[in-house]
Amino acid sequence: MSATDRVAEQNQNALVYRWTTQVWNRRREDVIDEIMSPDCRVQVEGMDGELTPAEFKTYWRTFLQAVPDLWVDILSITTEGDTSMQCWRARGTHLGNGLGIPPSGRPVDFSGASFYQFRDGLIVRGFDRWNRGEMIASLMQVRIDELRERARFTRREAQVALMMAERLGHKEIADQLRIKPNTARRHCERVLEKLGVHKRQDVGNALGKIPGSVLDRHGADL
(Lines give C-alpha, C1' and ligand atoms only; values in the text may rest on other atoms or scores of the structure.)
Protein backbone atom coordinates (compact mmCIF):
# COMPACT_ATOMS: atom_id res chain seq x y z
CA MET A 1 0.00 0.00 0.00
CA SER A 2 1.34 3.40 -0.98
CA ALA A 3 1.65 6.28 1.44
CA THR A 4 -1.22 8.02 -0.38
CA ASP A 5 -3.45 4.98 0.04
CA ARG A 6 -2.58 4.74 3.73
CA VAL A 7 -3.53 8.37 4.26
CA ALA A 8 -6.82 7.87 2.38
CA GLU A 9 -7.60 4.82 4.54
CA GLN A 10 -6.83 6.73 7.73
CA ASN A 11 -9.05 9.61 6.63
CA GLN A 12 -11.90 7.22 5.82
CA ASN A 13 -11.54 5.46 9.18
CA ALA A 14 -11.64 8.87 10.86
CA LEU A 15 -14.93 9.67 9.09
CA VAL A 16 -16.49 6.40 10.28
CA TYR A 17 -15.28 7.13 13.81
CA ARG A 18 -16.68 10.66 13.64
CA TRP A 19 -20.02 9.40 12.30
CA THR A 20 -20.46 7.05 15.27
CA THR A 21 -19.17 9.28 18.03
CA GLN A 22 -20.74 12.54 16.83
CA VAL A 23 -23.99 11.43 15.18
CA TRP A 24 -24.98 8.63 17.56
CA ASN A 25 -23.20 9.31 20.84
CA ARG A 26 -23.30 13.11 20.84
CA ARG A 27 -26.59 13.50 18.90
CA ARG A 28 -25.04 15.90 16.35
CA GLU A 29 -27.58 16.15 13.55
CA ASP A 30 -25.46 18.72 11.71
CA VAL A 31 -22.72 16.11 11.27
CA ILE A 32 -25.14 13.99 9.23
CA ASP A 33 -25.24 16.77 6.63
CA GLU A 34 -21.46 17.16 6.76
CA ILE A 35 -20.64 13.48 6.16
CA MET A 36 -23.61 12.10 4.20
CA SER A 37 -23.79 12.94 0.50
CA PRO A 38 -27.11 14.53 -0.60
CA ASP A 39 -27.64 11.61 -2.98
CA CYS A 40 -26.73 8.99 -0.37
CA ARG A 41 -29.03 6.02 0.12
CA VAL A 42 -28.94 3.76 3.18
CA GLN A 43 -30.63 0.56 4.32
CA VAL A 44 -31.30 0.09 8.02
CA GLU A 45 -32.76 -2.78 10.03
CA GLY A 46 -36.50 -2.49 10.53
CA MET A 47 -37.17 -0.19 7.56
CA ASP A 48 -38.19 -1.24 4.07
CA GLY A 49 -36.25 0.04 1.07
CA GLU A 50 -33.55 2.69 0.97
CA LEU A 51 -33.63 5.91 2.96
CA THR A 52 -32.69 9.35 1.71
CA PRO A 53 -30.70 11.63 4.06
CA ALA A 54 -33.92 13.31 5.19
CA GLU A 55 -35.58 9.95 5.83
CA PHE A 56 -32.51 8.73 7.68
CA LYS A 57 -32.71 11.77 9.97
CA THR A 58 -36.29 10.85 10.82
CA TYR A 59 -35.22 7.28 11.57
CA TRP A 60 -32.30 8.54 13.67
CA ARG A 61 -34.44 10.92 15.73
CA THR A 62 -37.06 8.24 16.26
CA PHE A 63 -34.55 5.64 17.42
CA LEU A 64 -32.98 8.08 19.87
CA GLN A 65 -36.44 8.92 21.15
CA ALA A 66 -36.89 5.24 21.95
CA VAL A 67 -33.43 4.83 23.50
CA PRO A 68 -32.44 8.34 24.63
CA ASP A 69 -29.33 7.18 26.51
CA LEU A 70 -28.00 5.09 23.60
CA TRP A 71 -24.22 4.70 23.54
CA VAL A 72 -22.30 2.96 20.75
CA ASP A 73 -18.87 1.45 21.32
CA ILE A 74 -16.72 0.91 18.23
CA LEU A 75 -15.21 -2.57 18.25
CA SER A 76 -13.32 -2.37 14.95
CA ILE A 77 -13.11 -0.49 11.66
CA THR A 78 -11.84 -2.17 8.49
CA THR A 79 -11.32 -0.24 5.27
CA GLU A 80 -10.58 -1.49 1.76
CA GLY A 81 -10.75 0.87 -1.16
CA ASP A 82 -13.81 3.08 -0.90
CA THR A 83 -15.63 0.73 1.50
CA SER A 84 -15.43 0.56 5.29
CA MET A 85 -16.97 -1.94 7.71
CA GLN A 86 -17.49 -1.13 11.35
CA CYS A 87 -18.35 -3.63 14.10
CA TRP A 88 -20.04 -2.07 17.12
CA ARG A 89 -21.89 -2.69 20.36
CA ALA A 90 -24.78 -0.46 21.49
CA ARG A 91 -26.35 -0.14 24.93
CA GLY A 92 -29.05 1.97 26.51
CA THR A 93 -32.52 1.90 28.03
CA HIS A 94 -35.86 1.61 26.26
CA LEU A 95 -37.49 4.72 27.72
CA GLY A 96 -39.54 6.21 24.89
CA ASN A 97 -41.71 5.58 21.87
CA GLY A 98 -39.97 5.10 18.57
CA LEU A 99 -39.69 1.35 18.05
CA GLY A 100 -43.39 0.94 17.36
CA ILE A 101 -43.91 -0.36 20.90
CA PRO A 102 -44.59 1.27 24.27
CA PRO A 103 -41.60 2.06 26.51
CA SER A 104 -40.63 -0.94 28.61
CA GLY A 105 -37.97 0.67 30.80
CA ARG A 106 -35.73 -2.29 30.05
CA PRO A 107 -32.03 -2.13 29.18
CA VAL A 108 -31.01 -2.94 25.61
CA ASP A 109 -27.67 -4.38 24.59
CA PHE A 110 -27.09 -5.33 20.97
CA SER A 111 -24.24 -5.69 18.49
CA GLY A 112 -23.97 -5.38 14.75
CA ALA A 113 -22.03 -4.21 11.75
CA SER A 114 -22.36 -1.15 9.53
CA PHE A 115 -21.02 -0.81 5.99
CA TYR A 116 -20.14 2.48 4.33
CA GLN A 117 -19.18 3.39 0.77
CA PHE A 118 -17.41 6.72 0.27
CA ARG A 119 -16.93 9.11 -2.63
CA ASP A 120 -14.98 12.36 -2.33
CA GLY A 121 -14.98 12.11 1.46
CA LEU A 122 -18.75 11.61 1.80
CA ILE A 123 -20.91 8.56 2.49
CA VAL A 124 -22.81 7.61 -0.67
CA ARG A 125 -24.12 4.18 0.38
CA GLY A 126 -24.62 2.43 3.68
CA PHE A 127 -26.38 -0.43 5.41
CA ASP A 128 -26.37 -2.13 8.78
CA ARG A 129 -27.07 -5.58 10.13
CA TRP A 130 -28.03 -6.39 13.72
CA ASN A 131 -30.52 -8.45 15.70
CA ARG A 132 -33.34 -5.89 15.84
CA GLY A 133 -36.07 -8.53 15.71
CA GLU A 134 -34.66 -10.39 18.68
CA MET A 135 -34.33 -7.17 20.68
CA ILE A 136 -37.91 -6.16 19.91
CA ALA A 137 -39.18 -9.61 20.89
CA SER A 138 -37.35 -9.35 24.19
CA LEU A 139 -38.73 -5.88 24.95
CA MET A 140 -42.22 -7.00 24.04
CA GLN A 141 -42.21 -10.00 26.37
CA VAL A 142 -44.18 -7.89 28.83
CA ARG A 143 -46.94 -7.64 26.16
CA ILE A 144 -47.14 -11.34 25.39
CA ASP A 145 -49.81 -12.13 27.98
CA GLU A 146 -51.95 -9.22 26.79
CA LEU A 147 -51.93 -10.47 23.22
CA ARG A 148 -52.64 -14.03 24.31
CA GLU A 149 -55.70 -12.84 26.20
CA ARG A 150 -57.09 -10.41 23.66
CA ALA A 151 -56.23 -12.10 20.36
CA ARG A 152 -56.26 -15.68 21.68
CA PHE A 153 -52.72 -16.27 20.55
CA THR A 154 -50.50 -18.99 21.88
CA ARG A 155 -47.31 -17.65 23.44
CA ARG A 156 -45.36 -18.44 20.27
CA GLU A 157 -48.00 -16.85 18.04
CA ALA A 158 -47.90 -13.69 20.15
CA GLN A 159 -44.13 -13.53 19.77
CA VAL A 160 -44.37 -14.12 16.02
CA ALA A 161 -47.08 -11.45 15.73
CA LEU A 162 -44.83 -8.88 17.38
CA MET A 163 -41.99 -9.76 15.03
CA MET A 164 -44.32 -9.58 12.03
CA ALA A 165 -45.33 -6.10 13.20
CA GLU A 166 -41.64 -5.26 12.91
CA ARG A 167 -41.89 -6.29 9.23
CA LEU A 168 -39.91 -9.48 9.53
CA GLY A 169 -40.71 -12.27 7.06
CA HIS A 170 -41.13 -15.89 8.10
CA LYS A 171 -37.54 -16.80 7.19
CA GLU A 172 -36.16 -13.97 9.33
CA ILE A 173 -38.48 -14.98 12.16
CA ALA A 174 -37.26 -18.56 11.85
CA ASP A 175 -33.66 -17.39 12.12
CA GLN A 176 -34.38 -15.21 15.14
CA LEU A 177 -36.42 -17.85 16.99
CA ARG A 178 -34.26 -20.76 15.81
CA ILE A 179 -37.17 -22.70 14.38
CA LYS A 180 -37.76 -24.21 10.94
CA PRO A 181 -38.94 -21.81 8.20
CA ASN A 182 -42.05 -23.91 7.54
CA THR A 183 -42.92 -23.79 11.24
CA ALA A 184 -42.51 -20.01 11.24
CA ARG A 185 -44.63 -19.75 8.10
CA ARG A 186 -47.47 -21.70 9.75
CA HIS A 187 -47.29 -19.45 12.80
CA CYS A 188 -47.50 -16.42 10.52
CA GLU A 189 -50.54 -17.84 8.76
CA ARG A 190 -52.33 -18.44 12.08
CA VAL A 191 -51.50 -14.90 13.22
CA LEU A 192 -53.04 -13.46 10.05
CA GLU A 193 -56.11 -15.67 10.45
CA LYS A 194 -56.69 -14.75 14.10
CA LEU A 195 -56.21 -11.05 13.40
CA GLY A 196 -58.46 -11.19 10.36
CA VAL A 197 -55.94 -9.66 7.98
CA HIS A 198 -54.41 -10.96 4.78
CA LYS A 199 -50.99 -9.30 4.55
CA ARG A 200 -47.98 -9.22 6.86
CA GLN A 201 -47.83 -5.44 6.43
CA ASP A 202 -51.23 -5.14 8.15
CA VAL A 203 -50.24 -6.92 11.36
CA GLY A 204 -48.91 -3.79 13.07
CA ASN A 205 -52.17 -1.95 12.45
CA ALA A 206 -54.22 -4.94 13.59
CA LEU A 207 -52.33 -5.23 16.86
CA GLY A 208 -52.95 -1.56 17.53
CA LYS A 209 -56.68 -2.05 17.03
CA ILE A 210 -57.09 -4.74 19.68
CA PRO A 211 -59.64 -3.21 22.11
CA GLY A 212 -57.94 -1.90 25.22
CA SER A 213 -54.45 -2.62 23.91
CA VAL A 214 -51.60 -0.33 24.85
CA LEU A 215 -49.85 -1.18 21.59
CA ASP A 216 -49.39 1.72 19.22
CA ARG A 217 -49.66 1.21 15.50
CA HIS A 218 -46.23 0.26 14.18
CA GLY A 219 -44.51 3.26 12.69
CA ALA A 220 -47.09 5.76 13.97
CA ASP A 221 -44.34 7.87 15.47
CA LEU A 222 -42.20 7.98 12.31
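Which distance in Å, rounded to a whole number, links the C-alpha centroids of the stretch 74-137 and the stretch 42-72?
Result: 9 Å between the Cα centres.
Would you mind working out the magnitude of the charge dipole of the stretch 101-186 relative to its Cα centre, with +1 at each Lys and Arg C-beta and -1 at each Asp and Glu C-beta, to the nearest 20 Debye?
Roughly 400 debye, rounded to the nearest 20.
Please report the relative contact order for the chain, taking Cα pairs under 8 Å with a sequence separation of at least 6, and give it as a percent rounded to a whole number. Could you put the intermediate results ahead of the total?
Working: 380 pairs, mean separation 36.3, N = 222.
Contact order relative to length: 16 percent.
Taking the Cα centre of the chain as origin and charging only Cβ (+1 Lys, Arg; -1 Asp, Glu), how large is the dipole, in debye to the nearest 20?
1060 debye
Give the label of the value calculated from the structure for Rg and Dmax of the Cα atoms in Å, choosing from (i) 19.2, 66; (ii) 17.0, 55; (iii) 23.0, 89.
Checked against the structure: label (i).
Would you tell me the accessible area of Met36, worked out with a 1.4 angstrom probe on the heavy atoms of the protein chains, in Å² to the nearest 10?
10 Å²
Farthest toward the dipole's positive end in the chain, which of Phe56, Leu70, His170, given Cβ charges of +1 (Lys, Arg) and -1 (Asp, Glu) about the Cα centre?
His170
Kindly identify the stretch 37-116 as rounded, prolate or oblate by the Cα gyration tensor criterion: order the square roots of the eigenvalues as a ≥ b ≥ c, call it rounded if a/c is under 1.5, otherwise compare a/b with b/c, prolate if a/b is larger, else oblate.
On the way: a/c = 2.69, a/b = 1.35, b/c = 1.99.
Oblate, because a/c is 1.5 or more while a/b does not exceed b/c.
Where the accessible area of the chain is counted over protein heavy atoms with a 1.4 Å probe, how much of it, in %, is carbon and sulfur?
Carbon and sulfur: 47 percent of the exposed surface of the chain.
Treating only the Cβ atoms of Lys and Arg (+1) and Asp and Glu (-1) as charged, compute the dipole magnitude of the stretch 70-121 about its Cα centre; round to the nearest 20 debye.
280 debye
Hey, in the GNM for the chain with a 10 angstrom Cα cutoff, which one of Ala90, Ala14, Ala137 fluctuates hardest?
Taking springs between Cα atoms under 10 Å, the residue moving most is Ala14.
Can you sort His94, His198, His187, His170 by 1.4 Å-probe accessible area, starting with the largest? Before the final figure, lay out the partial values.
Numbers: His94 0, His198 170, His187 25, His170 60 Å².
Largest accessible area first, the residues go His198, His170, His187, His94.
Can you find, among Leu122, Asn13, Asn25, the residue farthest towards the positive end of the dipole of the chain? Put +1 on the C-beta of Lys and Arg, -1 on that of Asp and Glu.
Comparing the listed Cα positions along the dipole, Asn25 ranks first.
Using a 1.4 Å probe, what is the accessible area per residue for the chain, in Å²?
Here the per-residue accessible area is 52 Å².
Considering the chain as a Gaussian network with a 10 Å cut-off on Cα pairs, which listed residue, Gly98, Gly121, Gly49, attains the greatest mean-square fluctuation?
Per the Cα network of the chain with a 10 Å cutoff, Gly49 tops the list.
The values are calculated or read from the model by the stated rules, or taken from the named source; none is laboratory data. Everything numeric here is computed off the predicted structure, so don't read it as measured data. With ideal geometry, Cβ positions are generated from the backbone for all residues, glycine too; neighbour counts draw on all protein chains shown. The area values use the complete protein model at the heavy-atom level, side chains included, leaving out ligands, DNA and RNA. Shrake-Rupley method; radii C 1.70, N 1.55, O 1.52, S 1.80 Å.
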